[in-house]
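The values are calculated or read from the model by the stated rules, or taken from the named source; none is laboratory data. As the structure is a computational prediction, the values presented were derived from the model and not from experiment. Here the Cβ positions follow ideal geometry from the backbone for every residue, glycine too, while neighbour counts run over all protein chains shown. What goes into the accessible areas is simple: the full protein's heavy atoms, side chains included, and nothing from ligands, DNA or RNA. Shrake-Rupley method; radii C 1.70, N 1.55, O 1.52, S 1.80 Å.
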Amino acid sequence: MEEQTANGSFVKDAGEKESLVSISELQNGIDSKSDSSLKRQRTDATENEEVEPHHKKSRPTRRVRVGSRRSQLALFQTNFVVDLLRKKNPSIQYEIVPMTTTGDQILNKPLSKIGEKSLFTKELEVALQNGDVDMIVHSLKDLPTSLPSGMVIGAICKRENPYDAVVFRPDHSKSTLRSLPNGSVVGTSSLRRVAQLRRAYPHLQFQSVRGNLNTRLRKLDEDGTYVALILAAAGLIRMDLVDRISAELSPEECLYAVGQGALAIECKADDQDTLRLLSSIADQETTVRCIAERSFMKTLEGGCSAPVAVCSSMDNDKLTLKGGVFSLDGSESIIDNATYSIDISTKESEENNNESFCGVAAPYFCQCILQQSEQLGINLANCLLHKGAKAILTEARAQNESLR
Ligand code: DPM
């Protein structure tokens, strides 16, 4: 079954009403008070026709199938990416293919205790492998640093706000984490957030909360268990829930997850047409920062099961990466930073390059810049390992394993 949405995307096999509703809601746009990167440029069918002159109409239109998780946030993100692609490549017809993943089905356990990598990606990658879709839109932070063989991240789009945000229950909307009474329960299932916030706010308790964004917010507002939730600001902003953000956590309070706030599009490594198409929406600064972050995590062999966190910035040609590892209770930590001067003047790569950096293939960017950012992540990780990060991570993993 196929349905065409207002702006021309096809939603294939959208058995669940939820997907259709959320997509049509999307077409009605995003609040103008959100970040400018969010502003949705609507291109509807009539506009497309103007771009495609009549005499060309006999040529078959290229169709690109875009895989997505079914959650409302995932569909928002996929539509956001399809809108970017359509703006740059209006003659192509885009079809969104929503799918359910294992991670979407297991809602009663914290992610760190499920113990399987690729929770939110496996089913989608099978569809990519089988040629049922041409690309998949993911939150970069949900993608492991090593992808299945033959798959690459073909583009990383401009990053949304990468920080974590505090959302209070409405009756505590005037609170701060510091002013909350002793023993107040804050909801998050992220080991990274808990470890860091326990250090900064030892008077608080942390409890796991799962489910998609709307479910979590409903639990916050109605259950009475939690006084606040910690959520990625990017997800809230993308879903037009920016009003629920009471505060943003500073990097001193809480470093963010590797890749947080960035969207990544995965495709087959040898699919040159799709890689070329994706080059039109890739953001160089985000790509460079995220390769450094991912290579930091890869060198530490971090992941969901141990608290690893980062913060990066690019100031002219200076790429700075701050990274930390934490014990689960936050009592131990090693945090350091590293900087590298990168020559960002070289924009395009001349060579036809098949290399990928922590799963990111960006043949359209200068490869030496990407190599330098990868090296910065490795250097910072080695510096932390030198200071004893391995013991902290091994202990954290063992503890997490025994809690499963
Ligand atoms: C990963 C983590 C979480 C998600 C772990 C972490 C949060 C889990 C939780 C790797 N993926 O951050 O330390 O709170 O139970 C996820 C979210 C987004 C992508 C939601 C969120 C949206 C933001 C983005 C879940 N994955 O973090 O609040 O696109 O970066």
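Which of the peptides 71-81, 142-152 is most tightly packed, and how do the rest follow, judged by the mean count of other Cβ atoms within 10 Å per residue?
Numbers: 71-81: 23.5, 142-152: 18.3.
So the peptides 71-81, 142-152, ranked by packing, come out 71-81, 142-152.
Could you put 121, 215, 339 in order of accessible surface area, largest first, with the 1.4 Å probe and the full protein assembly present?
On the way: 121 0, 215 35, 339 70 Å².
Result of the area sort, largest leading: 339, 215, 121.
Order of 172-178, 206-212 by packing, highest average Cβ count within 10 Å first?
On the way: 172-178: 14.0, 206-212: 17.0.
Ranked by mean Cβ neighbours within 10 Å, highest first: 206-212, 172-178.
Run the 1.4 Å probe and let me know the accessible area of residue 243, rounded to the nearest 10 Å².
120
Any idea of residue 387's accessible area? Nearest 10 Å², probe 1.4 Å.
110
Quick one: accessible surface of residue 364, probe radius 1.4 Å, all protein chains present, in square angstrom to the nearest 10.
Roughly 30 Å² of residue 364 is accessible to a 1.4 Å probe.
Set the Förster distance to 41 Å, then compute FRET efficiency between residue 185 and residue 386 from the Cβ-Cβ distance, nearest 0.05. Please report the intermediate quantities before stating the final value.
On the way: r = 38 Å, r/R0 = 0.92.
The pair residue 185/residue 386 has a calculated efficiency of 0.60.
Classify region 158-216 as rounded, prolate or oblate from the Cα gyration tensor: take a ≥ b ≥ c as the square roots of its eigenvalues, call it rounded if a/c is under 1.5, otherwise prolate when a/b beats b/c and oblate if not.
Numbers: a/c = 1.45, a/b = 1.30, b/c = 1.12.
Here region 158-216 falls in the rounded category.
Compute the distance in nm between two label points, each set 7 Å from the Cα along the Cα-to-Cβ direction, one at residue 248 and one at residue 279.
In this crude spin-label approximation the distance works out to 3.3 nm.
Can you list the equivalent-ellipsoid semi-axes of region 260-329, largest first and in whole Å, using the square root of 5 times each Cα gyration tensor eigenvalue? Before the final figure, lay out the partial values.
Numbers: eigenvalues 143, 57, 16 Å².
Its equivalent ellipsoid spans semi-axes of 27, 17, 9 Å.
Please list 3J(HN,Hα) in residue order for region 272-278, calculated via the Karplus relation 6.51 cos²θ - 1.76 cosθ + 1.60 where θ = phi - 60°; whole Hz, with x for glycine and proline.
Result, rounded to whole Hz: 4, 4, 5, 4, 5, 4, 5.
Take the alpha carbon atoms of region 246-271, find their center, do the same for region 175-220, and report the distance between the two centers in whole angstrom.
If you average the Cα positions of each part, the centres end up 20 Å apart.
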